[in-house]
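Taking it in order: structure first as structure tokens, then the write-up.
The values are calculated or read from the model by the stated rules, or taken from the named source; none is laboratory data. As the structure is a computational prediction, the values presented were derived from the model and not from experiment. Because the Cβ atoms are built from the backbone with ideal geometry, glycine has one as well, and the counts that use them run over all protein chains shown.
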Amino acid sequence: MKNLTKKQKIIMSIVAIIIIAGIAVVAFMGFNFDLRFQTAQKLELYLGEDFKIADIQNITKEIMPNEQVIVQKVEVYGDSVSIIAKEITEEQKQKIIEKVNEKYELELKAEETEIVTVPNTKGRDLINPYIWPFAIATGITLVYMAIRYRKLNIINVILKTVLTLVIAEATLISLIAITRIPIGRLTIPMVITVYMLTFVGVTTKFEKELEAQKEE
């Protein structure tokens, strides 16, 4: 800490506050998962013909204006629609079917259509497919850096790289928790981006240290 500049100390303090705040938010509130990964309810309607997603979205917005709703085509031929929301009441189901019948001149019946509860996806199930690829990639990179920057002290290089990576990812995850950004399809790309940028930043720093050592 004594060798750090005032600017570096300020940055480290801010990062520490963000991580601590993130831990507190996760402990008391948990993460904010995207609707696709929450416990939700699904209504599937077989239209038997091609349709526009926008039409169904307009119908759900009219009937469920204050709720997040995911509308998507299902089945091979795209002639069925899946409507997912945190909660779908029988009354809302009735109104949606009435509007769809009116829009596409169909005769769907509410009593023949079931609202299905979709269980939530656990956080570990979301990250499990990426654990080994991340571990292998990190191991290979650390071996490369240990060889490339061996003159800078191998143990020091590995410790600095791992510590920087952990701090960077912890900061990102903390910011996601604090800002309540939904965890979903974009989360892993964000993590990978920070992961790669961290290695680039660490490599650049070591290159400068290596050049300075050569000049000496």
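Within segment 34-83, being in contact with a Gly (Cβ under 7 Å, 6 or more places away or on another chain) and either outside any helix (DSSP H, G or I) or buried (at least 18 other Cβ atoms within 10 Å of the Cβ) (or both) holds for Asp34, Phe37, Asp50, Asp79.
Just to be sure before I move on: is Asp50 among the acidic types (Asp, Glu), touching a residue at least 60 places away in the same chain (Cβ under 8 Å) and not assigned by TED's automatic domain parsing to the domain that holds Glu169 in the structure I sent? So that I can check it myself, show each step before the final result.
Details: among the acidic types (Asp, Glu): yes; touching a residue at least 60 places away in the same chain (Cβ under 8 Å): no; not assigned by TED's automatic domain parsing to the domain that holds Glu169: yes.
Against the criterion (among the acidic types (Asp, Glu), touching a residue at least 60 places away in the same chain (Cβ under 8 Å) and not assigned by TED's automatic domain parsing to the domain that holds Glu169), Asp50 does not qualify.
The set of residues in segment 157-179 that are over 30 Å from Phe33 (Cβ atoms) and either surrounded by 12 or more Cβ atoms within 10 Å (Cβ to Cβ) or of a type in the set (Ser, Thr, Tyr) (or both) comprises Val157, Ile158, Lys160, Thr161.
When Ile14, Ile10, Ile59 are screened for being over 24 Å from the mean Cα position of the chain (by Cα) and either at positive phi or not assigned by TED's automatic domain parsing to the domain that holds Lys109 (or both), only Ile10 passes.
Matching residues to (1) at pLDDT 90 or above; (2) charged (D, E, K, R):
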site: Lys6; (1), (2): no, yes
site: Val26; (1), (2): yes, no
site: Arg36; (1), (2): no, yes
site: Asn58; (1), (2): yes, no
site: Lys61; (1), (2): yes, yes
site: Lys73; (1), (2): no, yes
site: Lys95; (1), (2): yes, yes
site: Val100; (1), (2): yes, no
site: Glu107; (1), (2): no, yes
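The residue list Lys86, Lys99 contains one member that is of a type outside the set (Ser, Thr, Tyr), touching a strand residue (DSSP E or B) at 6+ places or on another chain (Cβ under 8 Å), at negative phi and in contact (Cβ under 8 Å) with a residue 40 or more places away in the chain, which is Lys86. With respect to (1) closer than 16 Å to Glu87 by Cβ; (2) out of contact with any strand residue (DSSP E or B) (no Cβ under 9 Å at 6 or more places or on another chain); (3) aliphatic (A, V, I, L, M), the lone exception for Ile18 is condition (1). Of the residues in segment 175-187, not one is at pLDDT 90 or above, part of a helix (DSSP H, G or I), more than 21 Å from Trp132 (Cβ to Cβ) and charged (D, E, K, R). On the stretch given as segment 102-126, residues that are in a helix (DSSP H, G or I), without any contact (Cβ under 8 Å) to a residue 40 or more places away in the chain and either of a type in the set (D, E, K, R) or farther than 19 Å from Ile56 by Cα (or both) total 5. Name every residue in segment 44-72 that is in contact with an Asp or Glu (Cβ under 8 Å, 6 or more places away or on another chain) and under 22 Å from Arg185 (Cα atoms), in order of residue number. Across segment 44-72, the qualifying residue is only Glu67.
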